[in-house]
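Read-outs throughout are calculated quantities, based only on the coordinates presented, and are distinct from any laboratory measurement. Values in this document were obtained by computation on a predicted structure and should not be read as measured data.
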Amino acid sequence: MGELIILADRLRDRVPRVGLARPAFFFDLACPFSYLAAERIERVLGDVEWIPVSAATLAVGVRRSAPTADGVAVLRAEAERRALELRLPLVWPERFPADFPHALRAAVHAADIGAGARFALAAGRLAFCGGYDLEDADTLAEPAAAAGIAPDPCLLAAADPGRDELLCATAGALRVRGVRALPVIRLGGRFIDAEAGLVSAPLAPPA
């Protein structure tokens, strides 16, 4: 099987390919740890390829039950502890935990037109700094505007289930490489937990 980014490029019908020297950040907009990593990743690693992935799709084929109240409480406590350590705000969306399929489709669109990082950062802040529901169309238009994306094409992409093909392909390629949870970073040919990668990586030189 080819490299993960090559697979994604084929599905997007792109000719250019991203060199393996460039780090890649795989994230889910519904994941608080993805938000916490997103706030720091380019400060630590410099230029990064931002790749949206559905955590629910990544877990296909892995036995998992609906999160219990205790499990959600543990997850919240861990995320809040880490946010406090990082001195980052963390506000929980009213619908948490929940998947954000429309927001992920919009993130694919943003990445296609070179605004993936800006869109993902703005969307993550709306969800986990403001507690907004990214599945609401009016809310989803805000990160599009913040990223300089025309809202109408972004919302059309969000409503297009055809975008799920790339999300599913990316999740499948990650599973082949042993990835079972997000966020992760690809550094060279290795896929590692984003937190471990950000802690161990040297700071990127100033642009």
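Which values of log₁₀ I(q)/I(0), to two decimal places, follow from the Debye formula for the stretch 4-200 at q = 0.10, 0.14, 0.17 Å⁻¹ with a uniform point scatterer at every Cα? Each listed q maps to, in turn, -0.38, -0.77, -1.20.
Taking amide H as placed 1.01 Å from N in the peptide plane, the amide H of E49 sits under 5 Å from that of A24, F25, each at least 5 places away or on another chain.
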